[in-house]
Amino acid sequence: MVGAGAPRRRVAVNRAAAAVGAKVGQTVADARAMAPALRLFPADPAADRALLADLALACLCYTPWSAVDDSVAVDAGPGTGGLWLDISGCAHLLGGERPLLRDLLRRLRRYGLAARAAVADTPGAAWAWARFGDPAKPCLASGDFASLAALPAAALRLSPDTVAGLGRLGLKTVGDIAGLPPAGLTARFGDGPVRRLAGMRGRVEEPVSPCRPVAQPRSCLRFTEPIALAGDVEAAARQLLADLCRDLGIRRLGVRRLDLMAVRVDGTRRHVVVGTGRPNRDPAHLWRLLAGPLGDLDAGFGIDMVCLSAPETGPLAAHQGTLDPGGADGPGVSHPSVDSLCDALGNRLGFDRMWRFAPRQSHLPERAVLRLSPGREGPQGVRDTKGGGAPDAGPWDSRRPLRLFHRPEAVEAVAPLPDSPPLLFRWRRQIHRIVHAEGPERIGAEWWRRDEADRDYYCVEDEAGRRFWLFREGAYDGRTLPRWFLHGIFP
């Protein structure tokens, strides 16, 4: 959905939403009135553009000329984003145009995407036929302008205001517009309709600027005589690493993964791969990671070539440190020794077995923390409010329990109504009698989670001195009793 100041409208719906009557262009207020259970998400044109760029690179397996459709802005309206694929001279590699389209759509379905595709003589005709043509006939015959003439005026990639203005004059289809003198159209609506018509019919060239994957930072050494000694391989790897880090410094990038490839005289290849938690281009640190597995490299009868590449990189700008060598560089800045430890453990144990915790914007305790990999940044705009500490509210520590259950466990509790703390509760077949309690602390779910009731949390202590964090879900309404849960245990 989009809109700032003006009424927010839907820009896309999935099949489930369309099945209950949701439509593109519908206001959010009308959508909520029609189906309150529908879930709404804000439109993100930048993320849509990034996804299209990734798909364009994935389509290089069909043609070297694939690009994102920039003829109409992605945020201009529904259905305006897409891809160009110039398959001239490539379709026969997959058995023809129809088999190529079937394979392309099947690949997109595996990605979880629903798409429409068409083949035509010109980019404008393909754009129009993919969105407004017959899906059962995706390949438009060469020179078939009669089929295009029956399409609506929006098939010319015109702005919504221009399409509406043409409609007020009774120009509903491409054929209606094509039958008018170009001078009159240009005087009334600018050169857009005439230029789009000419492009659709092939009278004006619309070249496709292909996307090109960014070349990986790479450094290679070729030897006139094969090398086999461990010292020679180590010297070559050190030189390559120094050259690669120098190149990364120019690009302001850091390594996330290093791949050293050794090509042996028999044509086989051996790889040594190491990774880092955060982008890094320190040659000394990277060499410590690479030296261990490099010692196990089998040179065979000799190595003809050694290449060191960085398949995964990340932005790494210059960092201004503090003048105090023992001080912190500031909030959110990772200490180099911690990064080195994470890299060493990750390469030994696996980065998928390491994680860190980051705060998330949620009122519910079980959703207030994210588990992330060491090198991944947490969500933007989230700050940890626990660092400054809260005022002491009596004998209880204001922090959350050190042991918080992944899911609150249901307990049976006896408590005076309506808002008093429990007198006793039974958890895991054991009864706990309460001698001291504080609360309630009310915590409610986010406003968009309407199906979840508010919670009243209590810090309680039993006769044995054990402290628990209980909450009551919901309030007593005279018909049903609220439920009690145990969410954490204090030390």
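The values are calculated or read from the model by the stated rules, or taken from the named source; none is laboratory data. Worth saying up front: this structure is predicted, and the values here are computed from it rather than measured. Cβ placement follows ideal geometry from the backbone for every residue including glycine, while neighbour counts extend to all protein chains displayed.
Quick look at the values:
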read-out	value
Answer from 199, 254, 175 - the residue that is closer than 30 Å to residue 65 by Cα and out of contact with any Lys or Arg (no Cβ under 7 Å at 6 or more places or on another chain)	199
The one condition in (1) out of contact with any Asp or Glu (no Cβ under 9 Å at 6 or more places or on another chain); (2) at pLDDT 90 or above; (3) surrounded by 15 or more Cβ atoms within 10 Å (Cβ to Cβ) that residue 99 fails to fulfil	(3)
Residues satisfying the stated conditions in the range 262-280, i.e. at pLDDT 90 or above, within 21 Å of residue 347 (Cα to Cα) and either crowded, with 19+ Cβ neighbours inside 10 Å or among the β-branched types (Val, Ile, Thr) (or both)	262, 272, 273, 274
Contacts under 8 angstrom Cβ, first residue in the range 352-364 being assigned to a strand (DSSP E or B), partner among the β-branched types (Val, Ile, Thr), 6 or more apart	357/369; 358/369; 358/382; 359/369; 359/382
Contacts under 6 angstrom Cβ, first residue in the range 469-491 being assigned to a loop (DSSP other than H, G, I, E, B), partner modelled with pLDDT under 90 and aliphatic (A, V, I, L, M), 6 or more apart	474/453; 476/417; 491/402
Candidate set from the range 238-281 (those that are among the β-branched types (Val, Ile, Thr) and out of contact with any strand residue (DSSP E or B) (no Cβ under 8 Å at 6 or more places or on another chain)); member that is farthest from residue 340 (Cα to Cα)	268
Residue, nearest to the chain's Cα centre (by Cα), within the range 104-122, restricted to residues that are surrounded by 14 or more Cβ atoms within 10 Å (Cβ to Cβ) and in a helix (DSSP H, G or I)	108
Check on residue 82, assigned by TED's automatic domain parsing to the domain that holds residue 125 and either buried (at least 17 other Cβ atoms within 10 Å of the Cβ) or at pLDDT below 80 (or both)	yes
Test for residue 238: is it assigned by TED's automatic domain parsing to the domain that holds residue 59, among the basic types (Lys, Arg), in a helix (DSSP H, G or I) and modelled with pLDDT of 90 or more	no
